[in-house]
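Below: the structure, in structure tokens.
The values are calculated or read from the model by the stated rules, or taken from the named source; none is laboratory data. Everything numeric here is computed off the predicted structure, so don't read it as measured data. Areas reflect the complete protein model, heavy atoms only, side chains present, ligands, DNA and RNA absent. Shrake-Rupley method; radii C 1.70, N 1.55, O 1.52, S 1.80 Å.
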Amino acid sequence: RRYAYRSGCDPSGGAKDSFTLAIAHDEESGIAVLDCVVEIKPPFNPSVATEQLAGVLREYKLHETVGDRYAAAWVVEAFAKCGIKYTHSERDRSAIYLDAMPLFTSGRVRLLDNKRLITQFASLERRTGPLGKDRVDHGPQGHDDVCNAAALALITRRKPSMRITEGMMESLRARGPY
């Protein structure tokens, strides 16, 4: 069975944070399944790490990933050199976590048995700001590299592609001009 996989990435420069990638798919039942999590812990060479993660993406027949705006141009260029399109998420990590929350509260997510992943998700803190807006982030000295990539992979949906068939074209021609 072939799934429509998607991915999320949390890049790093190799000094302090991990460089992470997660891959997920949806079951027909609507359950989001996390299939793969890769964490490259510092210190590492960012170019080599990007090549490694691009290789994992290709194993899943993926040619694009989505992530945050970390080192904006560098990450895009590094993945492009490996044949992968890196797209910046329109949402910040707090919004990504808030978007993922319904999957968890409704039991519509299956995670991998990965201690670091579970610990990072469990350590996230939800705070309400002075204007009433909720923010979700890790606490002081905390990390969220693995769960950030996972949450992105779980909530990012592939854009449906529409293939125009000859039958569709014939139907449009039969209607005549508008």
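Amide H to amide H, with H built 1.01 Å from N, D134 comes under 5 Å of G129, counting only residues 5 or more places away or on other chains.
Entry comment: accessible area of the chain is 60 Å² per residue, from protein heavy atoms only and a probe of 1.4 Å.
Quick one: with all protein chains in place, what share of the accessible area of region 35-170 is carbon or sulfur, to the nearest percent (1.4 Å probe)? Using a 1.4 Å probe with all protein chains present, region 35-170 comes out at 53 percent carbon and sulfur.
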